[in-house]
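A short worksheet on the structure shown next.
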């Protein structure tokens, strides 16, 4: 899965933002869907399941652009899971747009996607539930006025979806504090008394978590927590042409945001997508399995990374020499993504140019191969 980017009609209110949330980026589409949505909605949802599906996958009749490349059945399963009140766990390789998908789902269900918890080794329970304004706490003692609600508290209080990114990177004690919220839909606040001592979730509250398959062993989820989620695997894009089109659309939008009037030429993007697919073991266009198989790299060769490289190619070419990107620019930009600090990957990338790129036909492939000396 990965994102698409036909958003020109929805960006007027967010042009100054580097990365506007989906509810701003697609505000006009959301409003149009809500106005025309006559189907029954689950309690607390802003859209029906059919309208939410249209928001994510697109609907030409309503002039709604697709925002993700994904099987319809997969998106429908996710929506049904969330409508039943079960938590949703999105797992998959890094860069398969799990975060974007969770953002789109939260926007379609709650109209807001910014109640987000970013998992990591340093995250604590009060960062996901609630904290305190210590000046008020010292002067007044524990009170609702002194409380500083965190995403989980706000999601339960307002009946909205909470996103927990990279949940397996969070410590186990932080993960397990979700058990009560997912089972009984209640959060105890022992510092407060009376009606404020228990927070009961409103209709619409739920949790969407993500975990990439390379980090799932960092802090493996407990069996009790796993039982409270339905799991959905997010796969890379299998079709070459769809991946190429998506990289082209997304990089064009990013270059426009960077103030660059040029786009990356289609042949250079084809080189980029072919290289990424080769290095992650997927067939490139016209490959036919005739070439020698390449060793898979430890680096993340995802569609999202390909978009970043395409953006870098355009930035390099325009801001340094005011021209379109070339195969030589691609060699420069791809090296930082693929090589990083892994010597084995550096050797594999060099072998790729000798064993794969050298055998491909066409002037762009020839220029690409001849620029291999630019690799670090």
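Report D for region 240-374 in µm² per second (integer): Stokes-Einstein, Kirkwood Rh on Cα pairs, 25 °C, 0.890 mPa s. Here the translational diffusion coefficient equals 166 µm²/s. Among 50, 67, the ranking by other beta carbons within 10 Å of each residue's beta carbon, starting with the fewest, stands as 50, 67. With the simple spin-label model, which puts each label point 7 Å out from Cα in the Cβ direction, the residue 154 to residue 323 separation comes to 4.8 nm. Here each label is just a point 7 Å from Cα along the line to Cβ, and for residue 374 and residue 355 those points are 2.4 nm apart.
In the set [x] 20.4, 76; [y] 20.2, 60; [z] 23.2, 75, the label that goes with Rg and Dmax of the Cα atoms in Å computed for this structure is [z]. Placing one equal scatterer on every Cα of region 142-189 and applying the Debye formula, the log10 ratio I(q)/I(0) at q = 0.23, 0.24, 0.29 Å⁻¹ is -0.99, -1.05, -1.25. Spin-label pair residue 186-residue 124: with each label point 7 Å from Cα along the Cα-Cβ axis, the two points sit 2.7 nm from one another. Legend: ranking of residues 370, 305 from fewest to most surrounding C-beta atoms inside 10 Å; resulting order 370, 305. Equivalent ellipsoid of region 56-160: semi-axes from √(5λ) of the C-alpha gyration tensor, largest first, are 35, 16, 12 Å. Between 0 and 90 degrees, the angle of helix 72-83 with respect to the longest Cα principal axis of the chain falls at about 20 degrees. Using the rule -39500 (n - 2.57) for each DSSP H run of four or more residues, divided by the residues of the chain, the 222 nm mean residue ellipticity is -12500 deg cm²/dmol. Listed from fewest to most Cβ neighbours within 10 Å, the set 333, 177 follows the order 177, 333. If R0 is 41 Å, the Cβ-Cβ spacing of residue 266 and residue 140 corresponds to a FRET efficiency of close to 0.05. Comparing mean-square fluctuations of 320, 178, 254 from a GNM of the chain with C-alpha springs under 10 Å, the top value falls on 320.
Since every read-out is calculated from the coordinates, none of them should be taken as a lab result. Everything numeric in this text was worked out from a predicted model, so none of it was measured. Every residue, glycine as well, gets a Cβ built from its backbone with ideal geometry; the counts of neighbours run over all protein chains shown.
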